[in-house]
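Worksheet: the structure to be examined is printed underneath.
The values are calculated or read from the model by the stated rules, or taken from the named source; none is laboratory data. Predicted model, so just to flag it, every value in this text is computed and none were measured. Quick reminder, even Gly has a Cβ in these numbers, built from the backbone with ideal geometry, and neighbours come from all protein chains shown.
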Amino acid sequence: MKAASAGGKRLLKALRREPVDQVPVWLMRQAGRYLPEYRKVRAEAGSFLDLCYTPDFAEEVTLQPIRRYGFDASILFSDILVVPDALGQPVAFKEGEGPVLEPIRNAGELAKLKSVEGLRDRLAPVYETVRRLRRSLPAETTLIGFAGAPWTVATYMVGGRGSPDQAAAKAWVYTAPDEFQKLIDLLVAATIEHLSAQIEAGAEVVQIFDTWAGSLPELSFRRFAMTPMAEIRTALKQRYPAVPVIGFPRGAGPMTAAYLDATGIDGLSLDTAMSPGWARDRLQGTTCLQGNLDPLLLVAGGSEMQRQVRHILDTLGHGPFIFNLGHGIVPQTPPDHVAELVELVREWRP
Ligand code: CP3
C-alpha cells in the first residue's frame, strides 16, 4: 500500500528510469536449495518438474524468499527447460546430474517436435502459478516472469545435458547454420508465446536468461543470440508496450553494447566479470542495469562481501539500477548472508 501511494513499485520505477527512494534488490535463483524450507517442499513434491508443474508447491517456494527477505521482486518458480518439455522433448532432472534430454541433432529430429500452438495448454499449471502469485504477493513486490533465450535453451536441447563448452550445439551451428536456424526460429516463437502467457496471467516484467551467450564468437553471437532477442523484444513490445524486458547475455563482454543497441531492452543484467565502471559509462545512459555481485562472495560473506557490495552500489547506485548477483545463488549459500546483503543495499543512499 505504501509503495503504491508513493507512486508505484520501486523495481518498475527503476526500469522506467524514474528516481527511486532506495536501490531495488532481488537475486537470481532466490528460491532454491540454500533455503531449508525449499528443501522440505522439494522433498514433498518428489521430482523437480512436479514442483514446477504443481501450482500449490510452485507458489509456495516462490513466496519463501519474499517472506524471509522482503525483496523488491519475486521471480516465478519454474525453469527454462519447461519449454522443450512442452515442445515434446521430455526433460528429466537427475539428482546430482542436472537436466537430461534425448538430444536433437538434425532436421529430422527437429521435425518431430510439436508446434507452438499447444504450448499454452501444456504449460497451463505454470500460468496458474503466476495468477495465484499476483494475488498472494505483497503490494510493493513486482512479479517477474522469465524464459531462457533461444540459444541457451538450444544448447540443452542439442547437447542433451549441460556441458561446459556447448560443443554439440556449436557443431550444428558451424556445420549447418541454416538448419540450426530452424530450431532457433521455433524457440523464438515458443518464447514469445510462453512470455505472453505469463504476462497475461499477471507477470509485470520478464527476464530472458542467455546463460551461454558468451560462448559464441561475434558473428554467431549476432545471428543466434542478439537477433533472436531483438525479435522477441519487438513482438512483446507490440503486444504489451508497458511491460519491461530484461536481458541477461552472460559473458557477452564488450559485445553487450551492440546487444543493447540491437535489442532496445529496458533492463540489462550484468554478469560477475563485467566492470561496473565500464557498464556505467557505456550502458547506463540507455538502460537500467542490474547486477552483479559474485554469488561466491555471498557464500563467503564478511568484510570482502561488504567491500564489493559497496563498490557496486557506489558505482551504479545512482541509477537506473537494480541490485542483483552476477549469476544465480548457489546451494551452499548461508541464508544469513543473504539477510546481511539485503541490509547493506537497504542502508545505502545515493
Ligand atoms: O531464480 C529463481 O529463483 C527462479 C527459478 C529458476 C530456476 N532455474 C530454478 C531451478 C530460474 C530462473 C532458472 C533458470 C535456469 N535454469 C537457467 C538460466 C539461468 C542460470 O542459472 O544460468 C538455466 C541454464 C537452467 C537449467 C537448469 N535448471 C540447470 C542447468 C539445472 C541444474 C543445476 C542446478 O542448479 O541444480 C536446473 C535445476 C534447477 N532450476 C534448480 C532450481 C531451483 C535446482 C533443482 C533442484 O532443486 O533439485
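When you check Ile329 against the structure, is it buried (at least 17 other Cβ atoms within 10 Å of the Cβ) and either in a loop (DSSP other than H, G, I, E, B) or free of Cβ contacts under 8 Å to residues at least 24 places away in the same chain (or both), yes or no? Judged against the criteria, Ile329 is a match.
Here the stretch 61-75 is the region considered, the condition is being over 19 Å from His337 (Cβ atoms) and part of a helix (DSSP H, G or I), and the residue that is nearest to the chain's Cα centre (by Cα) is Thr62. Residues in the stretch 230-247 that are β-branched (Val, Ile, Thr) and touching a helix residue (DSSP H, G or I) at 6+ places or on another chain (Cβ under 7 Å): 3 in all.
Residue selection: Ile66 satisfies the criterion of being under 28 Å from Trp348 (Cβ atoms), modelled with pLDDT of 95 or more, among the β-branched types (Val, Ile, Thr) and surrounded by 18 or more Cβ atoms within 10 Å (Cβ to Cβ).
Just one of the listed residues (Ile80, Ile66) is near the ligand (Cβ under 7 Å from one of its atoms) and among the β-branched types (Val, Ile, Thr), namely Ile80. In the stretch 90-112, of all residues being free of Cβ contacts under 8 Å to residues at least 24 places away in the same chain and within 28 Å of Tyr174 (Cβ to Cβ), the one that is nearest to the ligand (Cβ to nearest atom) corresponds to Pro90. Highlighted here are the helices (runs of 4 or more DSSP H) found entirely within the stretch 246-309 that include at least 2 residues which are not hydrophobic (A, V, I, L, M, F, W, C): 255-263, 276-282. Return yes or no: is Ala225 without any contact (Cβ under 8 Å) to a residue 40 or more places away in the chain and of a type outside the set (Asp, Glu)? Judged against the criteria, Ala225 is not a match. Residue pairs whose Cβ atoms lie under 8 Å apart, sitting 6 or more positions apart in sequence or on different chains, and linking a residue in the stretch 124-145 that is closer than 8 Å to Gly202 by Cβ to a partner that is assigned to a helix (DSSP H, G or I) and hydroxyl-bearing (Ser, Thr, Tyr), are Leu133/Thr62. When Val83, Val91 are screened for being touching an Asp or Glu at 6+ places or on another chain (Cβ under 6 Å) and either at pLDDT 95 or above or under 25 Å from Gln198 (Cβ atoms) (or both), only Val91 passes.
Matching residues to (1) within 14 Å of Val153 (Cα to Cα); (2) crowded, with 20+ Cβ neighbours inside 10 Å; (3) touching a Pro at 6+ places or on another chain (Cβ under 9 Å):
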| position | (1), (2), (3) |
| --- | --- |
| Ser163 | yes, no, no |
| Leu195 | no, yes, no |
| Gln198 | no, yes, no |
| Phe209 | yes, yes, no |
| Ser215 | yes, yes, no |
| Arg233 | no, yes, no |
| Ile246 | no, yes, no |
| Ser269 | no, yes, yes |
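Here Ala58, Ala31 are screened, and the one residue that is assigned to a loop (DSSP other than H, G, I, E, B), of a type outside the set (Ser, Thr, Tyr), surrounded by 23 or more Cβ atoms within 10 Å (Cβ to Cβ) and within 11 Å of the ligand (Cβ to nearest atom) is Ala31. Identification of strands (runs of 3 or more DSSP E) wholly contained in the stretch 93-211 with 2 or more residues that are over 19 Å from the mean Cα position of the chain (by Cα) yields 98-101. For first residues located in the stretch 158-187 and closer than 15 Å to Gly214 by Cβ, partners that are polar (S, T, N, Q) and within 16 Å of the ligand (Cβ to nearest atom) and lie 6+ apart or on another chain with Cβ distances below 6 Å form the pairs Gln166/Thr155; Gln166/Ser215; Ala169/Thr155. The residues on offer are Thr315, Thr256, Thr263, and the sole one that is surrounded by fewer than 19 Cβ atoms within 10 Å (Cβ to Cβ) and free of Cβ contacts under 8 Å to residues at least 60 places away in the same chain is Thr315.
If I filter the stretch 40-49 for residues that are in contact (Cβ under 8 Å) with a residue 12 or more places away in the chain, part of a loop (DSSP other than H, G, I, E, B) and of a type in the set (Phe, Trp, Tyr), do I get at least one hit? No: the stretch 40-49 contains no residue that is in contact (Cβ under 8 Å) with a residue 12 or more places away in the chain, part of a loop (DSSP other than H, G, I, E, B) and of a type in the set (Phe, Trp, Tyr).
It is to be established whether one or more residues within the stretch 2-19 are part of a helix (DSSP H, G or I) and within 16 Å of the ligand (Cβ to nearest atom). For the stretch 2-19, residues part of a helix (DSSP H, G or I) and within 16 Å of the ligand (Cβ to nearest atom): present.
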